[in-house]
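Read through the structure below, which is laid out as structure tokens, and then see the notes.
Any read-out appearing in this document is the output of simple, stated calculations on the displayed coordinates, not a laboratory observation. What you see is a predicted model, and the numbers here were worked out from it, not measured in a lab. Cβ placement follows ideal geometry from the backbone for every residue including glycine, while neighbour counts extend to all protein chains displayed.
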């Protein structure tokens, strides 16, 4: 499944690029993510914590930076995630492109995502709506990180809070119900 999204951050392109290349700073901006290990400068291990009501899922994720072209403002990542108790898996390629925008930087993200196991049982509409919410939360985290850096505030040691799957799924269900009415 192909998912496209974009958002803007309040920083010039070079500052946004530096943040995206700094794994220790960018991972805490991702909802539910926790950096486990830096294997080398292009490979990392992370956990993604998702909570759906009483069910808590943890995905062990291997991330690899396949390409990084600062002049073009393009980064290509690949990710392989598996739920640690065998409830599902995901594979993705994530391409990010940075471009100067009015007073900041626009970041476009294209994700090719393949799900398997229990996770794959959600419909495309729900996955798209949940992804939209995750991208919004990620963009908010990046903005907060960049604003803190610009203000000279020390960066706080943010704890990885689990992604509230129930809230996201309910929002996604509401989005799938109201989507036909928004088109007209």
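Here are a few things to note about the model shown:
- Exposure proxy for 119, 9: other Cβ atoms within 10 Å of each Cβ, ordered fewest to most, give 119, 9.
- Maximal additional length on extending the residue 12-residue 95 stretch stands at 27.9 nm, based on 0.36 nm per residue less the C-alpha distance.
- Separation in nanometres of the label points that stand 7 Å from Cα toward Cβ, at residue 64 and residue 136: 3.4
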